[in-house]
Amino acid sequence: MKLDDIIISKAIIETYTKKLLDCLELDVAIVGAGPSGLTAAYFLAKDNKKVGVFERHLSVGGGMWGGGMMFNEIVIQEEGKKLLDEFDVRTHEFQPGYYTADAIECVSSITKSAIQAGTRIFNLITVEDVMLKNERVNGLVLNWSAVELANLHIDPLTIRAKYVIEATGHPTEVLKILEKKAGVKLKTPSGAVEGERPMWAEKGEKLIIENTKEVFPGVWVTGMAANAAFGSPRMGPIFGGMLLSGKVCAQRILSAL
Ligand code: 48H
């Protein structure tokens, strides 16, 4: 069969452009394709909401690939295991209440589920700012991660969304942007990002569910960013909280939409 190089290029450019154009107005825009962001995306897309995920890196999955200290297995508790069952990830009971799963299988299966439910994931795009109107976030400001890396002076583009999910993990990048550039008060005790506390798996996993909420008009926080925002402990390589927080975030947004 004959292959034309230019048709290959045209196919990619046209298809990608269509995908991006279709995401200029979203129900929910998610910043970060770690386990919490991907899980939230899956449950929102499954409910027929228009969801786009923007991820700075080439690969999705955030901090999940490396398990604990590069031992690429994760630990999950009973409630989290049910979610891995839904994502068709195999788990192994280590001892009652503690399950392990292959970190690579987790990332690839959750990602596949989110995409097949209808989520569009845009890797290599960094969220460098938010759109703020009448004291409410109503969209994101995007640029190629390569522009950020090369420190080029190139203006960004924007997308509009009914809700934004802050799923950037430990650095809470979206909330830091709001703090620094908009000077607004978040719905946290101090009005600012409280900062994550030292490791305490049990407490961190419990609090993450109540920390998953709207932290500023139009912005919901999930995953590690939720505990960092509200000053709760980190929890190490137990990932049930990330998945459950993503699910709860989606459910709470679905009620709000
Ligand atoms: C685009 C961005 C931007 C930006 C960041 O860190 P993550 O895996 O986040 P979670 O919350 O889903 O999972 C946290 C988990 O991986 C973890 O770190 C745990 C459990 N730690 C416990 C402990 O004790 O250490 O993913 C966040 C993603 C990453 O892929 C980033 O590249 C991406 O967000 N991201 N993408 N624009 N401005 N900032």
**Message:** Show me the helices (runs of 4 or more DSSP H) found entirely inside the stretch 198-257 where at least 3 residues are of a type outside the set (A, V, I, L, M) and open to solvent by 20 Å² or more (accessible area, probe 1.4 Å).
**Reply:** 201-211, 240-256
**Item:** Selection count, the stretch 168-197, where residues are more than 20 Å from Phe122 (Cα to Cα) and part of a helix (DSSP H, G or I)
**Value:** 8
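Yes/no matrix, rows are residues, columns are (1) within 9 Å of the ligand (Cβ to nearest atom); (2) within 23 Å of Arg252 (Cα to Cα); (3) touching a residue at least 60 places away in the same chain (Cβ under 8 Å):
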residue: Glu135; (1), (2), (3): no, yes, yes
residue: Lys162; (1), (2), (3): no, yes, yes
residue: Lys180; (1), (2), (3): no, no, no
residue: Leu207; (1), (2), (3): no, yes, no
residue: Ser232; (1), (2), (3): no, yes, no
**Asked** Of everything in the stretch 113-124 that's in contact (Cβ under 8 Å) with a residue 24 or more places away in the chain and more than 13 Å from the chain's Cα centre (by Cα), which residue is nearest to the ligand (Cβ to nearest atom)?
**Response** Leu124
**Asked** Only one of Leu175, Leu186 is touching a residue at least 12 places away in the same chain (Cβ under 8 Å), under 20 Å from the mean Cα position of the chain (by Cα), within 14 Å of the ligand (Cβ to nearest atom) and open to solvent by less than 60 Å² (accessible area, probe 1.4 Å); which?
**Response** Leu175
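Which of the residues that make up the stretch 49-66 are outside any helix (DSSP H, G or I) and open to solvent by 10 Å² or more (accessible area, probe 1.4 Å)?
Lys49, Lys50, Glu55, Arg56, His57, Leu58, Ser59, Val60, Trp65, Gly66
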**Asked** Conditions: (1) within 16 Å of the ligand (Cβ to nearest atom); (2) more than 23 Å from Ile208 (Cβ to Cβ); (3) open to solvent by 70 Å² or more (accessible area, probe 1.4 Å); (4) of a type in the set (A, V, I, L, M). Leu20 meets all but one. Number of the miss?
**Response** (3)
**Fill in**
Taking the stretch 1-28 and keeping only residues that are closer than 21 Å to Lys46 by Cα and assigned to a loop (DSSP other than H, G, I, E, B), one is left with Asp22, Cys23, Leu24
**Asked** Could you give every pair whose Cβ atoms fall below 8 Å, whose first residue belongs to the stretch 25-49 and is farther than 22 Å from Gly240 by Cα and at pLDDT 95 or above, and whose second residue is hydroxyl-bearing (Ser, Thr, Tyr) and not in a helix (DSSP H, G or I), counting only separations of at least 6 or pairs across chains?
**Response** Asp27/Tyr163; Val28/Tyr163; Ala29/Tyr163
**Fill in**
Picked from the stretch 28-48 (must be open to solvent by 10 Å² or more (accessible area, probe 1.4 Å) and out of contact with any helix residue (DSSP H, G or I) (no Cβ under 7 Å at 6 or more places or on another chain)), the residue nearest to Pro237 (Cα to Cα) is Lys46
**Request:** Give the residues of the stretch 41-64 that are within 9 Å of the ligand (Cβ to nearest atom) and not β-branched (Val, Ile, Thr), sorted by residue number.
**Result:** Phe54, Glu55, Arg56, His57, Ser59, Gly61, Gly62, Gly63, Met64
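The values are calculated or read from the model by the stated rules, or taken from the named source; none is laboratory data. Quantities reported herein were computed from a predicted structural model and do not represent experimental measurements. In this analysis, Cβ positions are derived from the backbone assuming ideal geometry, glycine residues included, and neighbour counts consider all displayed protein chains. Each accessible area value is taken on the protein alone, full model and side chains, heavy atoms only, with ligands, DNA and RNA left out. Shrake-Rupley method; radii C 1.70, N 1.55, O 1.52, S 1.80 Å.
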